[in-house]
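Single-structure report; data block below.
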Amino acid sequence: MAVVIDGKQIAASYRETLKEQVTALRSRGIIPKLKVVLIGNDPASHSYVRGKERAAEEIGIDSQILRFDEDMTEAELLKLIDLLNDDHEVHGILVQLPLPNHIDESRVIMRISPEKDVDGFHPENVGKMMLGLDTLLPCTPHGILHLVKTQTDLVGKHVVVVGRSQIVGKPVGMLFLNESATVTYCHSKTADLGAMTRQADILIVAVGRAGLVTADMVKPGAIVIDVGVNRVDNRLVGDVDYEGVKDVASAITPVPGGVGPMTITMLMHNTVEVASRG
Ligand code: GUN
């Protein structure tokens, strides 16, 4: 029976440390400031952004959500980003994704100053991460790394990543490689996925398909990190068949309450990091 990796608890304890750092910054007259840009009415995005706002408030970060209608133009958004880039009181800028179809996502990401890119999505930050240089790390991969480190050493472990998104799959493999793990990437076109996942000491699943990973696909004793968030019969479930896999794995993240709270915490970490740079 697996240990349940309590992301909520681990995030709460990490946030206590961040809170102390913010108190110290405030005593020096520095108030960490985060601007979140939210365009349109996607219910999931609204819910994520509220979570970010709550966490910021708890830690003492001054956060503001800038809400805009679906018909905001790309030119208007780029102009707003320029203003936020130039505002010396703003430490972090986050544009919530996905954006409406008429806005070019990569042009928007590239417009954010890499120094204020608290999502860690700017190519300059992605490049630095790949080179193993000190930089703003993407929040979900960084959160996963922290969760796994609470369970095991990484050197020489075989990490199998299922999913190759820009936000999670690709960067999380890179972070574990930088920690001297052996990393295998799998995705929707991988032949015999189970043969791959059964080799994993640490299995990270970020595809977005409920029930994709079943107990027969997991090596006994593996650590399983479920990044999926799927709504099934009005319930949130991950990509891993939790009930089956928990009897095979040595540790597993629940959905909700696993990776999600860590993602938000690492966003706060990045905002505090930028504010600390002065
Ligand atoms: N939409 C879903 N996840 C994320 C994220 O981590 N950052 C941003 N900006 N948008 C998202």
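Readers should treat all values here as calculations from the given coordinates under stated rules, not as data from a laboratory. Everything quoted here is computed from the prediction, not taken from an experiment. Virtual Cβ from ideal backbone geometry, glycine too; neighbours counted across all protein chains shown.
In plain terms, the chain from Arg209 to Thr182 could stretch by 7.2 nm, reckoned as 0.36 nm per residue minus the Cα-Cα distance.
If the only charges are +1 at each Lys and Arg Cβ and -1 at each Asp and Glu Cβ, what is the size of the charge dipole of region 1-76 around the Cα centre, to the nearest 20 debye? Each step should come with its number before you reach the end.
Working: 11 positive and 13 negative charges, 108 e Å.
With only Lys, Arg, Asp and Glu charged at Cβ, the dipole is about 520 debye.
For region 1-60, just say rounded, prolate or oblate: build the C-alpha gyration tensor, square-root its eigenvalues into a ≥ b ≥ c, call rounded for a/c under 1.5, and beyond that prolate if a/b exceeds b/c, oblate if not. Oblate, because a/c is 1.5 or more while a/b does not exceed b/c. The H on the amide N of Val95, modeled in the peptide plane, is under 5 Å from the matching H of Val37, each at least 5 residues off or on a different chain. Need the C-alpha centroid separation for region 182-254 versus region 17-39, integer Å. Region 182-254 and region 17-39 have Cα centres separated by 36 Å.
Where both bridge residues fall in the chain, DSSP classifies roughly 10% of the beta bridges as antiparallel.
The modelled label-to-label distance between Leu83 and Arg50, using points 7 Å beyond Cα along the C-beta direction, is 2.6 nm.
Backbone geometry of region 223-238 corresponds, through the Karplus equation with coefficients 6.51, -1.76 and 1.60 at θ = phi - 60°, to 3J(HN,Hα) couplings of 9, 10, 10, 9, 8, x, 10, 10, 9, 10, 6, 6, 10, 8, 9, x Hz, x marking Gly and Pro.
Note down the nm distance, to one decimal, between modelled labels 7 Å out along Cα→Cβ at Glu57 and at Ser113. For Glu57 paired with Ser113, the spin-label model returns 2.8 nm. Per the Debye calculation on the chain with a single equal scatterer at every Cα and no solvent contribution, log₁₀ I(q)/I(0) for q = 0.12, 0.14, 0.15, 0.16 Å⁻¹ amounts to -0.76, -1.02, -1.15, -1.28. According to the square roots a ≥ b ≥ c of the eigenvalues of the Cα gyration tensor, what is the shape class of region 15-100, taking rounded for a/c under 1.5, prolate for a/b larger than b/c otherwise, and oblate for the remainder? It is oblate, given that a/c is not under 1.5 and a/b is not larger than b/c.
For the chain, the dipole from Cβ point charges (+1 on Lys and Arg, -1 on Asp and Glu) about the Cα centre works out to 460 debye, to the nearest 20. Looking at region 32-102 only, what percent of DSSP beta bridges run antiparallel? Nearest 5 please. Antiparallel: roughly 0 percent of the beta bridges in region 32-102. When region 37-171 is described by a simple charge dipole with +1 on each Lys and Arg Cβ and -1 on each Asp and Glu Cβ, the residue from Leu154, Ser106, Leu83 located farthest towards its positive end is Leu154.
Is there a pair in Lys19/Lys116; Lys157/Lys219; Lys19/Lys170 whose C-alpha atoms are over 25 Å apart, and which pairs would that be? Provide the component values of the computation, followed by the final result.
Values: Lys19/Lys116 20 Å; Lys157/Lys219 13 Å; Lys19/Lys170 30 Å.
Those over the limit are Lys19/Lys170.
Net charge in the neighbourhood of Ser106 (other residues with Cβ under 15 Å of its Cβ; Lys, Arg +1, Asp, Glu -1) is -3. Based on C-alpha pairs under 8 angstrom that are at least 6 apart in sequence, region 1-103 has a relative contact order of 35 percent. The residue list Ala44, Met196, Val272 was ranked by how far each Cα lies along the charge dipole of the chain toward its positive end, using unit charges on Cβ atoms, and Met196 comes out on top. Can you list the DSSP H helices in the chain whose Cα atoms extend at least 20 Å along the helix axis and whose mean Kyte-Doolittle hydropathy is -1.0 or higher? Passing helices, by number: 7-27, 259-277. Indicate the gyration tensor shape class of region 232-275 (rounded, prolate or oblate), computed on the Cα atoms with a ≥ b ≥ c the square roots of the eigenvalues: a/c under 1.5 is rounded; otherwise a/b larger than b/c is prolate and the rest oblate. Oblate shape, in that a/c is at least 1.5 and b/c is the bigger or equal ratio.
Each DSSP beta bridge with both residues in region 180-278 is either parallel or antiparallel, and the antiparallel ones are about 30%.
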